[in-house]
Amino acid sequence: TLPDRLRQRHMAAGLGGPLQSLAGHSETTLQSIHTTIAHVAAIPRAALVTQVLEALDGGQAVVLTGPAGCGKSVLARRAVELLRPDVFCLMFRAEEFATSHIDRVLQHAQISVNAERLFALLAAQGRKVIAVESVERLLEHSVRDAFSDLLRLAQQDGGIQLLLTCRDYSVETVRSSLLGQLSLRHTVVQVPPLTDEELAQVVTVLPALERPH
């Protein structure tokens with residue numbers, strides 16, 4: 001019911017346009033993380049998922065760390081899926097930030113706005129969680145300024161929370177070289193290897209995986 005001249009000066013801050021495109025890009029990354037073994041066996045690890053969610057409630061950044069194959073990415077995916085009904089969530093692979101500016105990340109994702117405009121739109125979404133998978137891979141690249149841009153944007157917008165996964169042998173380097181740049185307040189959640197009980201759950205569904213006696 002507003003006058004035309006006023007409506008022409010503004011645009012809707014919903015999930016249309018750039019935000020919808022970015023959500024679609026994130027969905028591709030999310031779905032690439034397999035949550036089952038051989039498409040049939042799943043290990044819920046509900047207590048760990050709850051720990052991740054509680055850590056996000058208490059800080060701006062959470063780093064999930066542990067040995068290869070312990071399920072860090074699966075925990076991140078489950079946390080994002082539980083949050084999505086109430087929180088605007090995005091997910092990226094770390095390699096996407098191995099470039100000179102966050103605008104290049106958006107161009108690669110075929111997003112039609114620059115970072116300044118995008119994060120202005122995100123500001124209208126309240127709480128946001130941005131997950132980045134395997135952040136230790138950024139250490140292999142000499143150019144990773146786009147990730148620094150993301151950290152600065154998170155620092156400026158207190159509604160942005162980061163959920164990062166990182167292998168245990170690189171976590172201290174990631175904390176000092178990447179997160180330490182801006183003294184971003186963060187929590188480290190240790191993801192342990194699968195227990196014998198959890199492995200037994202899988203063997204129940206897939207007997208072929210049982211260890212020989």
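Surface composition of the chain: carbon plus sulfur atoms hold 51% of the accessible area, using a 1.4 angstrom probe and ignoring ligands, DNA and RNA. What's the center-to-center distance, using Cα atoms, between region 178-212 and region 98-174 in Å? If you average the Cα positions of each part, the centres end up 24 Å apart. DSSP beta bridges fully contained in the chain are about 5 percent antiparallel.
Counted residue by residue at 0.36 nm each, then reduced by the alpha carbon distance between them, the extension gain from R5 to A208 reaches 66.2 nm.
Residues whose amide H lies under 5 Å from that of L163, counting only those 5 or more places away or on a different chain, are V62, I130, A131, V132; hydrogens are built 1.01 Å from N in the peptide plane.
As an exercise, use a Förster radius of 25 Å and the Cβ-Cβ distance of D57 and A23 to find the FRET efficiency, rounded to the nearest 0.05. Calculated transfer efficiency: 0.65. For region 176-182, putting each phi into the Karplus relation 6.51 cos²θ - 1.76 cosθ + 1.60 with θ = phi - 60° gives couplings of 7, 7, 9, 5, x, 4, 10 Hz, in residue order, rounded to whole numbers and with x for Gly and Pro.
Counted residue by residue at 0.36 nm each, then reduced by the alpha carbon distance between them, the extension gain from V143 to Q125 reaches 3.5 nm.
Please report, ordered by residue number, every helix of the chain (full DSSP H runs) that is 24 Å or longer along its axis going by C-alpha atoms and whose mean Kyte-Doolittle hydropathy reaches 1.6. Counting only whole DSSP H runs, no helix qualifies. In this structure the chain gives 53 Å² per residue of accessible area when probed at 1.4 Å with all protein chains present.
Note on surface exposure: D103, D149, D168, D57 rank D57, D168, D103, D149 by accessible area, highest first, 1.4 Å probe. The slack in the chain from T36 to Q155, taken as 0.36 nm per residue of separation less the alpha-carbon distance, amounts to 39.3 nm. Amide H contacts for H186 (H built 1.01 Å from N in the peptide plane; partners 5 or more residues away or on another chain; cut-off under 5 Å): none found. Backbone N atoms of region 70-85 closer than 20 Å to the 7 Å Cα→Cβ label point of T187 belong to residues 71-85.
The values are calculated or read from the model by the stated rules, or taken from the named source; none is laboratory data. Computed from a predicted structure; not experimentally measured. Don't worry about glycine lacking a Cβ; one is built from the backbone with ideal geometry, like all the others, and counts go over all protein chains shown. Each accessible area value is taken on the protein alone, full model and side chains, heavy atoms only, with ligands, DNA and RNA left out. Shrake-Rupley method; radii C 1.70, N 1.55, O 1.52, S 1.80 Å.
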